[in-house]
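Worksheet: the structure to be examined is printed underneath.
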Amino acid sequence: MQKDKISLIIPVHNSSLTLEKCVDSVLKQTYKNLEIFLINNGSNDNSLEICMQIAAKDSRVRVVHINEGNVSKARNIALDEMTGDYFAFIDSDDFVDETMYEKLCEKAKLEQADMVFCNFNIVENGTDIKPYDEEKLKDMIYNKQFQLIFKSGKEYVKANIWRTLFKSDTFKSIRFDDRLYFGEDFVYMFKIFQTSCNMVLLDEYLYYYSLAPITMSKKYFNSKMLQNDKLYAKYAYEFLDNFNMHDYAVAAKYGSWIHLVHSILAYSSNYREEIELVMNDEFWQEVATKQNYKIFVKRLCANFKFKLRAFLLQHRKFSTYRYLVKKFLNKLY
């Protein structure tokens, strides 16, 4: 008998094309003692209608509607209202193996774990599925080598929330920072990792992550994003510094500057003015120094591509960088 309840939290924002497949994969779980939150956050398509139709057919589904499209607020609402012994997050454009939560819960019980990770698959174009291999995943989980979250290339580990089952008694008080518009799941994990918890890996590919296409026409930058990257950089620095990884903390903060400048050059049509805004910002001036650049290259750049990327941006070769990003379809990222 499946005594422990699992609360599954699914934020929904303009997800009408993928929502039914996502939720269907949840409703078909072999683990039946579920509480499923569909948090419709500011959708302007028919996502809310789909949520209500799903809830009418299954009493385990709870629908909550908020007017603003803030994924952190949506998740926090569910965290406040959930009653599960364990909880997990799913993105509404993804789907899961029907045995995922039964297997994760069994692993948590067997290992007396506070959180259980699983491997995941990448889904491109809706049908092209391939396993996402992480060479260093076990080093992060069992040896707490959290610098790997910020590494480049094959050493990089994705510490996303959706591949994990969390024990409520251990983590129920932790909340998302709703000032963040992206990277909020990583910051949530930074907070999780700083608790005294037992982490384990279920070495099976049970989550299906849909890879969104990247286009050069995407409008990325605005004042919210400038502040978002700044806040994320502070979180990343404090997180690693608390584990006595000072050089990695400095490098991670510098990496946030790289991410911000890359995003402007890759996606914005108004990039000259936006780059100038960043370069005149006192916070980013203190981050993007030559000394920090050297630490970043030494600690977090695993291959030539990322070293080239850092070199061009540190030496303010912005026009060259933008040209290369366009020509090679964003392969510098």
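The values are calculated or read from the model by the stated rules, or taken from the named source; none is laboratory data. Given the structure is predicted, the values throughout are model-derived calculations rather than measurements. Cβ placement follows ideal geometry from the backbone for every residue including glycine, while neighbour counts extend to all protein chains displayed. What goes into the accessible areas is simple: the full protein's heavy atoms, side chains included, and nothing from ligands, DNA or RNA. Shrake-Rupley method; radii C 1.70, N 1.55, O 1.52, S 1.80 Å.
Output the residues belonging to the range 262-280 that are free of Cβ contacts under 8 Å to residues at least 60 places away in the same chain and either touching a strand residue (DSSP E or B) at 6+ places or on another chain (Cβ under 6 Å) or crowded, with 22+ Cβ neighbours inside 10 Å (or both).
264, 274
Does residue 102 fit the bill of being open to solvent by 10 Å² or more (accessible area, probe 1.4 Å), farther than 16 Å from residue 211 by Cβ and part of a loop (DSSP other than H, G, I, E, B)?
In short, no.
Can you tell me which residue within the range 241-280, out of those that are modelled with pLDDT of 95 or more, outside any helix (DSSP H, G or I) and in contact with a helix residue (DSSP H, G or I) (Cβ under 9 Å, 6 or more places away or on another chain), is nearest to residue 187 (Cα to Cα)?
Filtering first and then ranking leaves 243.
Of all residues in the range 44-85, which are farther than 20 Å from residue 17 by Cα and touching a Pro at 6+ places or on another chain (Cβ under 7 Å)?
Scanning the range 44-85 gives a single hit, 75.
Is it the case that residue 113 is surrounded by 18 or more Cβ atoms within 10 Å (Cβ to Cβ) and in a helix (DSSP H, G or I)?
no
When the range 44-62 is examined, which residues are found to be surrounded by 15 or more Cβ atoms within 10 Å (Cβ to Cβ), farther than 13 Å from residue 34 by Cβ and of a type outside the set (A, V, I, L, M, F, W, C)?
47, the sole residue that qualifies.
As an exercise: evaluate residue 218 against (1) farther than 21 Å from residue 179 by Cα; (2) outside any loop (DSSP other than H, G, I, E, B); (3) under 21 Å from the mean Cα position of the chain (by Cα); (4) at pLDDT below 95 and give the number of the one condition it does not meet.
Condition not satisfied by residue 218: (2).
Select from the range 137-155 the residues that are in contact (Cβ under 8 Å) with a residue 40 or more places away in the chain and in a loop (DSSP other than H, G, I, E, B) and write down the one among them that is least open to solvent (accessible area, probe 1.4 Å).
Taking the candidates together, the pick is 152.
Looking at the range 65-84 only, could you name the residues that are of a type outside the set (A, V, I, L, M, F, W, C), assigned to a loop (DSSP other than H, G, I, E, B) and either modelled with pLDDT under 95 or buried (at least 17 other Cβ atoms within 10 Å of the Cβ) (or both)?
67, 68, 69, 70, 84
Among 173, 196, 210, which is small (Gly, Ala, Ser), open to solvent by 10 Å² or more (accessible area, probe 1.4 Å) and touching an Asp or Glu at 6+ places or on another chain (Cβ under 7 Å)?
210
Is it the case, given these coordinates, that residue 232 is among the hydroxyl-bearing types (Ser, Thr, Tyr), open to solvent by 10 Å² or more (accessible area, probe 1.4 Å), modelled with pLDDT of 90 or more and within 19 Å of residue 101 (Cβ to Cβ)?
So residue 232 fails the test.
Look through 6, 50 and report the one residue that is among the hydrophobic types (A, V, I, L, M, F, W, C), within 26 Å of residue 115 (Cβ to Cβ) and modelled with pLDDT of 95 or more.
6
Can you tell me which residues in the range 281-333 are open to solvent by 30 Å² or more (accessible area, probe 1.4 Å) and outside any helix (DSSP H, G or I)?
Hits for the range 281-333 are 289, 302, 303, 315, 316, 317, 328, 329, 331, 333.
Between a residue in the range 308-327 that is farther than 25 Å from residue 286 by Cβ and in contact (Cβ under 8 Å) with a residue 12 or more places away in the chain and any residue that is open to solvent by less than 30 Å² (accessible area, probe 1.4 Å) and not in a helix (DSSP H, G or I), which pairs come within a Cβ distance under 8 Å, given they are 6 or more apart or on different chains?
324/332; 325/332
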